[in-house]
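Worksheet: one structure, shown below.
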Amino acid sequence: MHRLVLMFCLAAAAAFALPAAPAQAQAGARAYAPENLRELRVPDRIRVLEKEYAEQSGGRRLPDDQLEFYLDQIESGWTFSRIKADMARSLGHGQGGNRPPGGGWGRPPDWQQSSVICSSIKDRYAECSKPFRGQARLVENISKTRCIENQNWGNRRGVIWVNKGCRGRFAEDQRWGNPSGYTVTCSSIGDRYTTCAWNAREGRPQLIERLSKSSCSEGRDWGYRTGQIWVDNGCRARFGRR
């Protein structure tokens, strides 16, 4: 009889003790992010990075170029702990930090940026420099506002523009890039007719980037004959193969 009572008491104690384990594990878990941020989708990575920066900086907004840098470093293997430490240094209050509080972030000189985040803050017009030479395409819609090309974002020479609340991540549009990497820049100096050699094995050239204020209208200001690009009327442009 005593043995049965003892077994019952042990079973009851175990039953009441079981819920405590998940509670302890939950208390020790990271509040909102895994150490390996590659486990998250890009929008969730952005949310985590911006929340962490706001907590460290007293509510300030994470600069777009610094956010883009961290997104790149996540792909290269940076952990959440390393990013948090780097944020602290950039704010001047982390271990080894040499900037005053609020001193800002310096772009690493060896960072090879391939995409850019551009933000229309408070629905205002903004321009962002492209880290590439070709046309941009939207690869991530960050804002709740839908980013629609030629309505609230677009391409201009050397820049991406955004407006009316669009915030997106942009990369080079390979459909309008240059698959072989072969390009030729040809210039009509003094509005004169000029020809430039073109490797016929690359196929027919296309205008990739207009470099002059003068228009470069095909058939009027530039054209192609086998092995040669011709330009006229002040047209200066970079040509490649689309």
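The values are calculated or read from the model by the stated rules, or taken from the named source; none is laboratory data. These numbers were taken from a predicted model, which means no experiment stands behind them. With ideal geometry, Cβ positions are generated from the backbone for all residues, glycine too; neighbour counts draw on all protein chains shown. Side chains included, ligands, DNA and RNA excluded: accessible areas come from the protein's heavy atoms. Shrake-Rupley method; radii C 1.70, N 1.55, O 1.52, S 1.80 Å.
What to note about this one:
- The residues of the range 109-135 that are part of a strand (DSSP E or B) and in contact with a Ser or Thr (Cβ under 9 Å, 6 or more places away or on another chain), listed by number, are Val116, Ser119, Ala126, Cys128.
- Condition met for Arg204 (at pLDDT 90 or above, of a type outside the set (Phe, Trp, Tyr) and not in a strand (DSSP E or B)): no
- Condition broken by Arg146, with the remaining ones in (1) in a loop (DSSP other than H, G, I, E, B); (2) in contact (Cβ under 8 Å) with a residue 24 or more places away in the chain satisfied: (2)
- Meets criteria (crowded, with 17+ Cβ neighbours inside 10 Å, aliphatic (A, V, I, L, M), within 30 Å of Tyr70 (Cα to Cα) and modelled with pLDDT of 85 or more) for Ala171: yes
- Among residues of the range 52-67 that are hydroxyl-bearing (Ser, Thr, Tyr), none has a Cβ under 6 angstrom from a residue that is assigned to a helix (DSSP H, G or I) and open to solvent by 70 Å² or more (accessible area, probe 1.4 Å) at a sequence gap of 6+ or on a separate chain.
- Within the range 101-114, one or more residues are modelled with pLDDT under 90, touching a strand residue (DSSP E or B) at 6+ places or on another chain (Cβ under 8 Å) and open to solvent by less than 80 Å² (accessible area, probe 1.4 Å).
- Taken over the range 42-71, the criterion of being charged (D, E, K, R), out of contact with any Leu (no Cβ under 8 Å at 6 or more places or on another chain) and surrounded by 16 or more Cβ atoms within 10 Å (Cβ to Cβ) is satisfied by Glu52, Asp64, Asp65, Glu68.
- Residue in the range 191-203 that is farthest from Ile229 (Cα to Cα), counting only those that are open to solvent by 30 Å² or more (accessible area, probe 1.4 Å) and in contact (Cβ under 8 Å) with a residue 40 or more places away in the chain: Asp191
- Any chance Trp78 is at pLDDT below 90 and open to solvent by less than 50 Å² (accessible area, probe 1.4 Å): no
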